[in-house]
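Worksheet: one structure, shown below.
The values are calculated or read from the model by the stated rules, or taken from the named source; none is laboratory data. If you're wondering where the values come from, they're calculated on a predicted model, not measured in any experiment. Positions of Cβ are backbone-derived with ideal geometry, glycine not excepted, and every protein chain shown enters the neighbour counts.
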Amino acid sequence: MASESDIDSAEVTAADLDAMADRLAEVEQYLHVEEKRARVSELERKSAEPSFWDDADAARSVMAELSRAKDDVSSIEQAREHLADIRAALELAEEMNGDDAQELAHEAAAGAAALTRALDDMELTSWFTGEFDHGSAIVTIKPGQGGLEAQDWASMLLKMYLRYCERRGWKVTINDCPAAEVIGIDRATFTVEGKDAFGMLRAEAGVHRLVRISPTDAKKRRQTSFAGVEVIPQLPDDIEIDIAQDDLRIDVYHASGPGGQGVNTTDSAVRITHLPTNIVVTCQNERSQIQNKAAAMQILKARLYELELERRAEQLDEIRGPKQAAGFGNQIRSYVLYPYQMVKDLRSGVETGNVEAVLEDGDLDPFVVGYHRWLLGGAEYVPGATDEEDEA
């Protein structure tokens, strides 16, 4: 498959467009577009029935399915129109001379690059067959081995993911992000809402390793730091988790901002402890204690649901990937800033030397797509087995 950079660096040809047309036809089959056209008509008729909203939860589920089916059909139709426009631009360029021809050729190449990205997204969507893959995600980042450096590394990962979510047009709500005393953060929990958010972000679950010159070491020695990323699905409203009130301990306290400043003068932050499992959830993003409690309960329910799945099937990998300590030998990806620059995913083998694009601009799609391709290939991942960088 031609990559975006390949198309950007060379003018597109008629043969390239023929190959893209073939790929578009394959993606259309992957997405079962003809079946979804029929499903759209069926769901639209159902949603027009007078009694449709009598069961609000069922109605919302139908409308969500209708929206996803419409999106898939619309994406294919827009891609076909886009391909036709690119062909027209290329044909005109071949009939013209001079600057106008060159401008049209560049326009066709840019259009082909954009269409390639769209096809990548559509193909990726077709791989998401899990119950929650198309829904929202709850992401938690925690510092691992590395002390102060690990806390700073956690804050760098948070910035990277926020930028990635922005690039994809997802809505992010930061539920909890207390600043560490000296540098970085103690932890961060945030909710991501958007198409395929959980399916995409579950590629990030695991241990992330950073190698760099320590910013806090006067001798400027090389430091290795770790942080763990947990990704769980935000449960739909129609999934009920019964939690006995006697099983909860709810504490309230002053919310704090970066550096420890109080963000308000009331006890609005909420900490909920589920006593039987000792799961602790905190939320201080909202100014209202009621809102923070509701958000914390939503996260607690998602974690309890995940725990129940683990107990029943012992297949936690289906939800968030292998559970590993955030330390040496367990990393899924390495970010090396010194003595050379490289980001490498140790599962898929995807790597880049443009570290700034990844950390500063959230350019994670190559790693996310690479992970899912690796997952489909059924390869066995051995933590740290392909990491060639010597430990500091």
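Considering every residue within the range 118-125, establish whether at least one is of a type in the set (Ser, Thr, Tyr), part of a helix (DSSP H, G or I) and under 26 Å from VAL281 (Cβ atoms).
First, the residues of the range 118-125 that are of a type in the set (Ser, Thr, Tyr): 125.
Adding the requirement that they be part of a helix (DSSP H, G or I) leaves 125.
This time we only want the ones that are under 26 Å from VAL281 (Cβ atoms), so: none.
Among the residues of the range 118-125, not one is of a type in the set (Ser, Thr, Tyr), part of a helix (DSSP H, G or I) and under 26 Å from VAL281 (Cβ atoms), which makes the answer no.
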message: Of everything in the range 283-298, what is in a loop (DSSP other than H, G, I, E, B) and either touching an Asp or Glu at 6+ places or on another chain (Cβ under 8 Å) or at pLDDT 90 or above (or both)? Give them in sequence order.
response: GLN284, ASN285
message: Restricting to the range 169-186, name every residue that is in contact (Cβ under 8 Å) with a residue 60 or more places away in the chain and either under 26 Å from PRO366 (Cα atoms) or part of a strand (DSSP E or B) (or both).
response: THR173, ILE174, ASN175, ASP176, ALA179
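Restricting attention to the range 103-122, does a residue exist that is in contact with a Phe, Trp or Tyr (Cβ under 9 Å, 6 or more places away or on another chain) and either at positive phi or aliphatic (A, V, I, L, M) (or both)? Spell out how you get there, then give the answer.
Step one: list which residues in the range 103-122 are in contact with a Phe, Trp or Tyr (Cβ under 9 Å, 6 or more places away or on another chain), which gives 122.
The next check asks that each one be either at positive phi or aliphatic (A, V, I, L, M) (or both); those that pass are 122.
There is at least one residue in the range 103-122 that is in contact with a Phe, Trp or Tyr (Cβ under 9 Å, 6 or more places away or on another chain) and either at positive phi or aliphatic (A, V, I, L, M) (or both).
Can you find a residue that is under 29 Å from ALA15 (Cα atoms), among the acidic types (Asp, Glu) and under 24 Å from the mean Cα position of the chain (by Cα) anywhere in the range 74-85? Working first, answer last.
Filtering the range 74-85 down to residues under 29 Å from ALA15 (Cα atoms) leaves 74-85.
Now restrict to residues that are among the acidic types (Asp, Glu): 77, 81, 85.
Now restrict to residues that are under 24 Å from the mean Cα position of the chain (by Cα): none.
Within the range 74-85, none of the residues are under 29 Å from ALA15 (Cα atoms), among the acidic types (Asp, Glu) and under 24 Å from the mean Cα position of the chain (by Cα).
Condition first: under 30 Å from GLU77 (Cα atoms) and crowded, with 19+ Cβ neighbours inside 10 Å. Now tell me which residues in the range 125-167 satisfy that.
Within the range 125-167, the subset under 30 Å from GLU77 (Cα atoms) is 125-137, 163-167.
Within the range 125-167, THR125, PHE132, HIS134, GLY135, SER136, ALA137, TYR164, CYS165 qualify.
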message: Can you find, within the range 168-193, the residue that is modelled with the highest pLDDT among those that are surrounded by fewer than 17 Cβ atoms within 10 Å (Cβ to Cβ) and farther than 25 Å from GLN298 by Cα?
response: ILE183
Tally of residues being within 12 Å of GLY135 (Cβ to Cβ) and over 19 Å from the mean Cα position of the chain (by Cα) across the range 226-242: 3
- request: Considering only residues that are under 14 Å from ASP71 (Cα atoms) and of a type in the set (D, E, K, R), look in the range 31-43 and name the one that is surrounded by the fewest Cβ atoms within 10 Å (Cβ to Cβ).
  value: GLU35
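Residues are listed down the side, and each one gets a yes or a no for (1) touching a residue at least 40 places away in the same chain (Cβ under 8 Å); (2) outside the structural domain of MET63 (by TED's automatic domain parsing); (3) touching a Ser or Thr at 6+ places or on another chain (Cβ under 8 Å):
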{"position": "ALA110", "(1), (2), (3)": "yes, no, no"}
{"position": "ALA113", "(1), (2), (3)": "yes, no, no"}
{"position": "THR116", "(1), (2), (3)": "yes, no, yes"}
{"position": "PHE132", "(1), (2), (3)": "yes, yes, no"}
{"position": "GLY144", "(1), (2), (3)": "yes, yes, yes"}
{"position": "ALA150", "(1), (2), (3)": "yes, yes, yes"}
{"position": "LYS159", "(1), (2), (3)": "yes, yes, no"}
{"position": "TYR164", "(1), (2), (3)": "yes, yes, no"}
- request: Would you check which residues across the range 86-105 are surrounded by 15 or more Cβ atoms within 10 Å (Cβ to Cβ) and farther than 30 Å from LYS195 by Cβ and list them?
  value: LEU90, LEU92, ALA93, LEU104, ALA105
- line: If we keep only residues of the range 19-52 that are assigned to a loop (DSSP other than H, G, I, E, B) and closer than 27 Å to THR116 by Cα, then the residue modelled with the lowest pLDDT is LEU31
statement: Here the residues within the range 197-240 that are among the charged types (D, E, K, R), crowded, with 20+ Cβ neighbours inside 10 Å and within 30 Å of ALA59 (Cα to Cα) are ARG202
- prompt: Is at least one residue of the range 60-75 hydrophobic (A, V, I, L, M, F, W, C), free of Cβ contacts under 8 Å to residues at least 40 places away in the same chain and exposed (fewer than 12 other Cβ atoms within 10 Å of the Cβ)?
  reply: no
- prompt: With the range 307-392 as the region, which helices (runs of 4 or more DSSP H) entirely inside it contain at least 3 residues that are modelled with pLDDT under 95 and out of contact with any helix residue (DSSP H, G or I) (no Cβ under 7 Å at 6 or more places or on another chain)?
  reply: 365-377
